[in-house]
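Taking it in order: structure first as structure tokens, then the write-up.
What follows draws every value from the coordinates through simple rules; no lab data is involved. Nothing here was measured: the structure is a model prediction, and the numbers come from that model. Every residue, glycine as well, gets a Cβ built from its backbone with ideal geometry; the counts of neighbours run over all protein chains shown.
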Amino acid sequence: MRARNCWRVAREVNVAIPTREIDAIFAEWDRDDSPGCALAVIQDGQVAYACGYGTANLEHGVPISPDSIFHVASISKQFTDMCVALLAADGVLSLDDDIREYVPEVPDYGATITIRHLIHHTSGLRDMWDLLRLAGWRSDDLINEADMLWVASRQTAPNFRPGDEYLYSNTGYALLALIVGRVSGKSLRELAHERIFERLGMMSTHFHDNHTEIVKGRTQAYEPCKDGGLRISIPVFDVVGTTSLFTTVEDMARWDDNFNHRRVGGDALVEQMLTPGRLNNGGPMSYGFGLQIHAYRGLPIVEHSGADAGYRAHYLRFPDARLAVVCLCNLSTMTPRTLALEVADLVLSDRFSEPLDDGNLATTNSQDEARFAGVYRNDDTGDLLRVVSDDRGLSLGFDEPQRLANLADSSYRINGQRLTRLRFADRDGATLLIHGALYSPVPDPVYARVAGPGSTETPAFDGGDFYSEELDTRYHLEPAKHGLVLKHYRLEDRTLQHAYADEYAANNLRVRLEREAGGNVTGFRASTWRIRNVRFERR
């Protein structure tokens, strides 16, 4: 075990910091040969305890410290929103402006998409990352603002009418960064530095808009190799707004303090950031300005996650306790949200009104559990889930299913995800309810079982070539035992399992074959969690 790079403030704080117990949470990564995390426990906007666990750069043996710089992915969004809110307060734009006033490249879908829609993820715009991946972009391809505009401008339909639903869209936030630049005459990087980072003393923070730029103190990120070991995994894109913030846990403490003292934005804009949006029908949401607002164990929380390449990050704030936890990691398999909640469970143990329910992993395949296996579908979104039963219990997913922790009363938790609960609502498992899923398009979505656990007969299909005008790309589909194989010249072959009828699925991808009256396949619709019904025609 190496000597940790940790410190705590000398002043008195209002909560006890159980440093040994906190360090134990991160012990498995606190090695010279492992990536890890930087952590800060923040009380009243000041760092009460900060520590680095593991290694920032495995090639050079640089340890992680509280001043290590991380790419924090979607944690960026709250800073983008503050920049937009500041410009709105200046009177140079309105949150209810039509975005096509500033970005005419976005198609006219017949209903106005406003800046406010982009902020609250209610625009209906298909997600840029899922579109580009489906179009054949690889994880190591450079992606810039022009690529984002190219794919956004080709879409012939949104996911839904603006304001009708909530569905997380990175496209919206990349467009917000573009709008900031076109309205202010300054890049998002420049404006955020002048109006936020410089004023709060966040001198190790910037929007990273040039992937070739050298940044002293930056961490490297990693992901596991299929045959063992680790490989370098860092983002290769120059898109900002939706992502690409570089920061440290110490600078995040300075940002957290702004929610207390409000030096940037004042009371009005900070309260605006903490106010969730509403749908067209008046329905509530939990998403404010780049922040999720809900509750954990009876206490209000404000939070946001980030994940790009091998980086994983989470910012978690308990406003009533004036306490925050920031956890920034450089390994793709780490779950900083869960780690941050475990730290909060220790620090705020006497403040929670609801008990901690850890659950135990199911180890037996009882008759009661086996009856829940099958394919489930959400009628609102079309999303599919697959529950698998084996001699160790239940798992969830099409590819590499995740083990479910058995709680009680036909309830389960996805292993490693504390706030997400699954519950089978009836004896025969015909209905599956999900509660607490972060960024879910539907609050507490309901899934109905559409197929049992056994493989159903695959509908007749002889394969063929299919082209999408919206993505300017082509796939070859081949039938396979119990599924389909998707082939693309730039991507690895991908196998989809037959779900039911003409629907096929893998994790975060589903394909629905379309047929003419005689039964011949004329095309298919491709969907993910964040894009719906991209059309491919048979050629």
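Tabulated values for the structure
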{"read-out": "Sites Glu537 and Arg494 - FRET efficiency at Förster radius 22 Å, r taken between beta-carbons, to 0.05", "value": "0.65"}
{"read-out": "Stretchable slack from Glu354 to Arg182, in nm (0.36 nm times residue separation minus alpha-carbon distance)", "value": "57.2 nm"}
{"read-out": "Neighbour-count order for Arg100, Arg413, fewest beta carbons within 10 angstrom listed first", "value": "Arg100, Arg413"}
{"read-out": "Cα centre as origin, Lys/Arg/Asp/Glu Cβ charges: the chain dipole, Debye", "value": "140 debye"}
{"read-out": "Calculated P(r) tail over 23 Å for segment 193-313, as whole % of Cα pairs", "value": "45 percent"}
{"read-out": "Proximal lysines relative to Lys487, as straight alpha-carbon distance under 21 Å, when same-chain residues fewer than 8 apart are discounted", "value": "Lys226"}
{"read-out": "Two-decimal ratio, segment 54-168, of alpha-carbon radius of gyration to 2.2 N^0.38 Å", "value": "1.34"}
{"read-out": "Net +/- balance of residues flanking Asp81 in space, Cβ distance below 14 Å, scoring K and R +1, D and E -1", "value": "+2"}
{"read-out": "Order by protection proxy (mean Cβ within 10 Å, highest first), peptides 29-39, 73-83, 494-504", "value": "73-83, 29-39, 494-504"}
{"read-out": "Stretch gain in nm, segment Thr212-Asp472, where the contour uses 0.36 nm per residue and the Cα spacing is subtracted", "value": "90.8 nm"}
{"read-out": "Listed peptides 310-317, 177-184, 463-470 by packing density, highest first (mean Cβ within 10 Å)", "value": "310-317, 177-184, 463-470"}
{"read-out": "Relative contact order, percent, segment 464-538 [alpha-carbon distance under 8 Å, six or more residues apart]", "value": "24 percent"}
{"read-out": "Protection-proxy order for peptides 46-54, 347-355, 58-66, each taking the mean of Cβ atoms within 10 Å per residue, highest first", "value": "46-54, 58-66, 347-355"}
{"read-out": "Cys6-Ala27 FRET efficiency (beta carbon distance; Förster radius 22 Å; 0.05 resolution)", "value": "0.95"}
{"read-out": "Rel. contact order, % - alpha carbon contacts under 8 angstrom, at least six apart, the chain", "value": "14 percent"}
{"read-out": "Residue among Thr243, Asn520, Val446 farthest towards the positive dipole end of the chain, charges placed on Cβ", "value": "Val446"}
{"read-out": "Inter-site label distance for Asp390 and Arg263 at 7 Å from Cα along Cβ, in nm", "value": "5.4 nm"}
{"read-out": "Projected area averaged over orientations for segment 152-229, convex hull of C-alpha atoms, nm²", "value": "9.8 nm²"}
{"read-out": "Computed helical MRE - 222 nm, the chain, DSSP H runs ≥ 4 contributing -39500 (n - 2.57), nearest 500", "value": "-5500 deg cm²/dmol"}
{"read-out": "Inter-probe distance in nm under a simple model that places probes 7 Å from Cα toward Cβ, at Ser94 and Arg231", "value": "5.1 nm"}
{"read-out": "Cα centroid of segment 135-199 to Cα centroid of segment 206-232, whole Å", "value": "22 Å"}
{"read-out": "Positive dipole terminus of segment 73-347, leading residue within Ile115, Ile301, Asn281 (C-beta point charges)", "value": "Ile301"}
{"read-out": "Segment 270-396: radius of gyration over Cα atoms, expressed as a fraction of 2.2 N^0.38 Å", "value": "1.32"}
{"read-out": "Shape call, segment 73-347: gyration tensor on alpha carbons, a/c limit 1.5", "value": "rounded"}
{"read-out": "Relative contact order, percent, segment 360-451 [alpha-carbon distance under 8 Å, six or more residues apart]", "value": "26 percent"}
{"read-out": "Spacing of the two label points (7 Å from each Cα toward its C-beta) at Val62 and Leu142, in nm", "value": "2.3 nm"}
{"read-out": "Convex hull volume of the chain per residue (C-alpha atoms, cubic angstrom)", "value": "161 Å³"}
{"read-out": "17 Å cut-off, amide nitrogen to a point 7 angstrom out along His482 Cα→Cβ, residues in segment 380-404", "value": "385-402"}
